[in-house]
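Taking it in order: structure first as structure tokens, then the write-up.
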Amino acid sequence: MNVATAQPVELVRVIRSGFHEGSHFGSVVVVDSDGSVLHARGAVDAPVFPRSSNKPFQAVAMLAAGARLDGADLAISAASHSGEPMHTQRVQAMLDRVSLQEGDLGCPEALPLDDTARSEVLAAGGAPRRLYMNCSGKHAGMLSACVEHGWDTASYLDTDHPLQLLVRDQVVRLSDEQPSAVGIDGCGAPLFAISLTGLARAFGRVNAAPTGTDDRTVSEAMREYPEMVGGTGREDTRLMRAHRGLLVKGGAEGVHCAALPDGRAVAVKITDGGDRARMPVLVAGLRTLGLSSDLLDELGTGTVLGGGRAVGTTELAPGVF
């Protein structure tokens, strides 16, 4: 077993025309079903902001607060969706059920992440909207929880709001760690910094939780409706479709997590936040846990383009696993 270090390590190499052009550094940890470390490279005990990999924990807090969410509604409450019509229509319906409006969402305005959906919006003369923002489902879920519990909806993103304090409690319970910092995510919601090991442990616990618990209800919804968690062609959606029982959720700044049904889990943090470096490391971690598929083969190595054609790869650095 490779062990943790005090600093991030080289995880991914960028090879262009046979030349080692650059490297991405970071940390990766694999934990067992009991939360113990099976494999670690880099600064896995250093605090990180989980970013959108935090969303399953936030959704658990919504249920604990009394939100009446299930199925696809619950899945999109834990999502970074693509802003396709199937996503925006569902978020709007969630708001309608609690008699709120798009303007009540605290997330910023954005255009859809999905290329087709974004092109259709622009072709129709549309503009950025809060509904299109990839975190709008989470915000609609949070607002639903506040309405059900009778909490103030105007201040639901304040760090001392009862809902956000409940999110903090769930993060502590699942990770076995006290947050070392509090920040604000890109969507405006509070974030609680924990170690990469704690993040992997929490992610595994959500996926392996007993039937009937809030944790299990969230993981089941995400796995049953993976198109709500991501969208057409998105990595998280494809991985959960290809591997039954797998829970996957990526986040900004190079964070990505995946957990098997038995609670074994992988968490990745790329120091420079590079998106292209996440997947080769996550795939390698899943392979160490026994997963294999054509999709993993596809996602395990990225493509470097030159003149519009493949001239190299982004690939796992030697010695990571």
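Kindly provide the set of residues from the range 46-69 that are assigned to a loop (DSSP other than H, G, I, E, B) and either open to solvent by 10 Å² or more (accessible area, probe 1.4 Å) or farther than 22 Å from Ala181 by Cβ (or both), ordered by number.
Residues satisfying the conditions are Ala46, Phe49, Ala65, Gly66, Ala67, Arg68, Leu69.
Would you point out the residue of the range 22-45, among those that are assigned to a loop (DSSP other than H, G, I, E, B) and charged (D, E, K, R), that is farthest from Glu315 (Cα to Cα)?
The selected residue is Asp34.
Can you list the helices (runs of 4 or more DSSP H) found entirely within the range 123-209 that contain at least 2 residues being open to solvent by 40 Å² or more (accessible area, probe 1.4 Å) and of a type outside the set (Lys, Arg)?
136-149, 162-175
So Ala242 fits all but one of (1) in contact with a Leu (Cβ under 7 Å, 6 or more places away or on another chain); (2) buried (at least 18 other Cβ atoms within 10 Å of the Cβ); (3) in contact (Cβ under 8 Å) with a residue 24 or more places away in the chain; what number is the exception?
(2)
So for the range 294-303 (the condition being touching a residue at least 60 places away in the same chain (Cβ under 8 Å), open to solvent by 10 Å² or more (accessible area, probe 1.4 Å) and closer than 20 Å to His20 by Cβ), does at least one residue qualify?
no
Can you confirm whether Met228 is buried (at least 18 other Cβ atoms within 10 Å of the Cβ), over 21 Å from Leu166 (Cα atoms), touching a residue at least 60 places away in the same chain (Cβ under 8 Å) and of a type in the set (A, V, I, L, M)?
yes
Look through His81, His87 and report the one residue that is under 25 Å from Glu253 (Cα atoms) and assigned to a loop (DSSP other than H, G, I, E, B).
On the way: His87 fails: assigned to a loop (DSSP other than H, G, I, E, B).
Answer to the selection: His81.
The values are calculated or read from the model by the stated rules, or taken from the named source; none is laboratory data. Worth saying up front: this structure is predicted, and the values here are computed from it rather than measured. Neighbour counts run over all protein chains shown; Cβ positions are idealised from the backbone, glycine included. When the accessible area is computed, the model is the full protein with side chains, heavy atoms only, and any ligands, DNA or RNA have been set aside. Shrake-Rupley method; radii C 1.70, N 1.55, O 1.52, S 1.80 Å.
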